Amino acid sequence: MKVEMILKYQSLDSDMFKIEKSLRENQNKKMADKLRENIKNAQERSVKLEENAGKLLKEIEKVKSQIQVQNQKMQEFLGKDIEEMSKVEIDKLFSLKEKLNQNLVILEKNLTSLAENMNAILADFNKTKKTFNTAREEYAKRKLAYDEDVKSIEKQKSEIAVKLKELSKTIDATIMEAYQKRRNENVFPVLVPLNGNSCGGCHMELPFANITKLNEEGVITCEHCRRIVYKH
């Protein structure tokens, strides 16, 4: 099989490959992708923080309610006339007062802890919001810059695509299909020469049977890297 035309196609396609590679490695694109991930993470964290804040508010309200109950019981205690009580009743009453005081101390500590946690969540939320806004603004700038980079080479890319399309019409459909399959996997170059008894792409030595087939058919597929090997 003659490979002159597919080699000519690959030579032209190398310019397209370089353009595509430059776009994949474009720093504005890389930064935009990174910033987009930061925005996504910030959004997810904000949602989580809001959920945690909601749960914390419920806990705070629960503790406040418990404190109110304890205060009411304390007021009831303070309203009792101990002069009419026996010593046993007074002892029980003061024991109850001590227990109420202990409950109030514990609840006040819980409330303080919850308030500190809430302040921490709010601080984290504000920080996350700032990160989100900054990332969003920077993403817009990077995205615009990348779009301009793409636009600047779009004409060259289109011209090459037209030439490749016309040239592909002159190439055997079977080899063209094999070429495009490898090319779509970003394998380049797709066609490589035989170097001695080795593939010109991966440099692995080819079996004798494959060399014989190459001599007969003009091209073979490397069983290691799947490139198309030709004899030059």
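Here are some notes:
- Enumeration of residues in region 1-59 that are among the small types (Gly, Ala, Ser) and within 26 Å of residue 144 (Cα to Cα): 22, 32, 42
- Any hit, region 89-112, residues being of a type outside the set (Phe, Trp, Tyr) and closer than 30 Å to residue 160 by Cβ: no
- Test result for residue 141, under 17 Å from residue 47 (Cα atoms), at pLDDT 90 or above and either in contact with a Ser or Thr (Cβ under 6 Å, 6 or more places away or on another chain) or of a type in the set (Lys, Arg) (or both): no
- Failed condition for residue 184, given (1) under 33 Å from the mean Cα position of the chain (by Cα); (2) within 18 Å of residue 3 (Cβ to Cβ); (3) surrounded by fewer than 17 Cβ atoms within 10 Å (Cβ to Cβ): (2)
Yes or no, residue by residue, for (1) outside any helix (DSSP H, G or I); (2) farther than 23 Å from residue 17 by Cα; (3) touching a residue at least 60 places away in the same chain (Cβ under 8 Å):
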{"position": "188", "(1), (2), (3)": "yes, no, yes"}
{"position": "192", "(1), (2), (3)": "yes, no, no"}
{"position": "201", "(1), (2), (3)": "yes, no, no"}
{"position": "213", "(1), (2), (3)": "no, yes, no"}
{"position": "216", "(1), (2), (3)": "no, yes, no"}
{"position": "225", "(1), (2), (3)": "yes, no, no"}
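- Looking across 76, 148, one residue alone is of a type in the set (Asp, Glu) and either surrounded by 12 or more Cβ atoms within 10 Å (Cβ to Cβ) or within 38 Å of the chain's Cα centre (by Cα) (or both). It is 148.
The values are calculated or read from the model by the stated rules, or taken from the named source; none is laboratory data. Here the structure is a predicted model, which means the values were calculated and not measured. For neighbour counting, all protein chains shown are included, and Cβ atoms are generated from backbone atoms with ideal geometry for every residue, glycine included.
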